[in-house]
Ligand code: EPZ
């Protein structure tokens, strides 16, 4: 298994191009099942999860062709043409779904387009049990008949999905996206209340509207959808990844660096930018994105952070922010409200010298600028893995991160992007 070796202490300086958003690309890929015409998606990141989703779509009968590199060349992601004119299978098998839980996003589109779907339950993962009960209840509210059989979600809507009102008991990005896609072809009006407002949900809604859907309230917590008979193809560019951008902003801050994040959209990063500025990091808008500067760990201030659904502080940045707090001066209280087990990076950071005390959903971090020293550490989930990379960039000495396949799921060309800014980082292929 590959490892990543980092020798810490280098200030990052230069520019990092931000890739297309993984968590927008995954539902957008699933949306191809809603039409028999061709969907073209641009600026797709080269990531393991994207490959898994395209593999799943191919076994449903989708024809895929990788169009040439983006005409502008440079770091734009790849272009995929997807045509689901004939759906050969409405089953999403366990061996694919267990690798990536976002596979459950084919449930809504298959049910809406074909009137049936057999999708493996995704099972839990490192950060929590991750049930899909709200996906199921929501589709039942639109007339679907759903049973659980042998670990599969078996769904039928022979007369198509009907209009109705779905009130999510808690904010769910995936349930909002599944229901939104299903609702576009329902017979009548669907209202989704307490819907997720993440920019990736808005990106999906904007693409669906370009395909002929009738969705109102995009970006709000109430989505109103008038079902239509069919959707057409379209040509859509995936929005930049705000989580990747914020991760590299924290890399600049923790090394006392000066980095411009090309393509970053500050309007989708307000909570994170506010937190970084409160911690004494300088973040400015530029014509090409945002620029992040810090004078060094000694100038950073510990701040309290609580994760929340968008526009609150993203749970996908909790581990990275905690790492920054381990070298900031003063105490920082980090509270995780979205997932029940998302502190797996804590023991690994403590092996590097961090002073962290966990009580339930809260971690108390006591920071110090020369707190971290290099060590062999292990990655457990995507964002915990990258928090160890950030710690390695700041630590005294050498850090080796094992199980980097977690990283490859969500960070495109990570070593290349950091090398380009002066980091001493290398991938050890074993
Ligand atoms: C999406 O996961 C993201 N993944 C996650 O990013 C992200 O952490 C999460 O949203 C929250 O922002 C993708 O978009 C592919 P949820 P999702 O449904 O949709 C509970 C990453 O690192 N819940 O918003 O699965 C659930 O257990 C990944 O890129 C139910 O109880 O998250 C969680 O506690 C990690 N029942 C909370 O809601 C349900 O039916 C929020 O989950 C659905 C969810």
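Couple of notes before you dig in:
- Compactness check for the chain: Cα Rg over 2.2 N^0.38 Å is 0.98.
- A straight chain from residue 333 to residue 304 at 0.36 nm per residue would run longer than the Cα-Cα distance by 10.0 nm.
- FRET efficiency, 1/(1 + (r/R0)^6) with R0 30 Å, evaluated for residue 341 and residue 116 via beta carbons: 0.30
- Rounded tilt (10° steps) of 382-394 against the dominant C-alpha axis of the chain: 20
- Shape of segment 313-397 from the C-alpha gyration tensor: oblate (a/c of 1.5 or more and a/b not above b/c, with a ≥ b ≥ c the square roots of its eigenvalues).
- Of all DSSP beta bridges in the chain, antiparallel share, percent nearest 5: 70
- Computed extension gain for residue 66 through residue 133, at 0.36 nm per residue and net of the alpha carbon distance, reaches 20.6 nm.
- On Cα atoms only, tilt of 318-327 relative to the major axis of the chain in degrees: 10
- Using alpha-carbon coordinates, inclination of helix 173-183 to the longest axis of the chain, degrees: 20
- Relative contact order, percent, the chain [alpha-carbon distance under 8 Å, six or more residues apart]: 21
- For peptides 185-193, 259-267, 149-157, sequence by mean Cβ density within 10 Å, most packed first: 259-267, 185-193, 149-157
- Per-residue ellipticity at 222 nm from helix content only, as computed over the chain with -39500 (n - 2.57) for each DSSP H run of at least four residues, stands at -8500 deg cm²/dmol.
- Taking 0.36 nm per residue of separation and subtracting the Cα-Cα distance, full extension of the segment from residue 403 to residue 284 would add 39.4 nm.
- What the Cβ-Cβ distance of residue 145 and residue 11 gives, at R0 = 45 Å and to the nearest 0.05, is a FRET efficiency of 0.15.
- Cα-based shape type of segment 33-143, given that a ≥ b ≥ c are square roots of the gyration tensor eigenvalues and the cut on a/c is 1.5: oblate
- Computed from label points 7 Å out along Cα-Cβ, the spacing between residue 99 and residue 126 is 1.8 nm.
- Segment 279-324: C-alpha gyration tensor shape, a/c 1.5 cut-off, then a/b vs b/c: oblate
Values in this text are rule-based calculations from the coordinates and carry no lab data. The shown structure was predicted, so the numbers you read here are calculated from the model rather than taken from an experiment. Because the Cβ atoms are built from the backbone with ideal geometry, glycine has one as well, and the counts that use them run over all protein chains shown.
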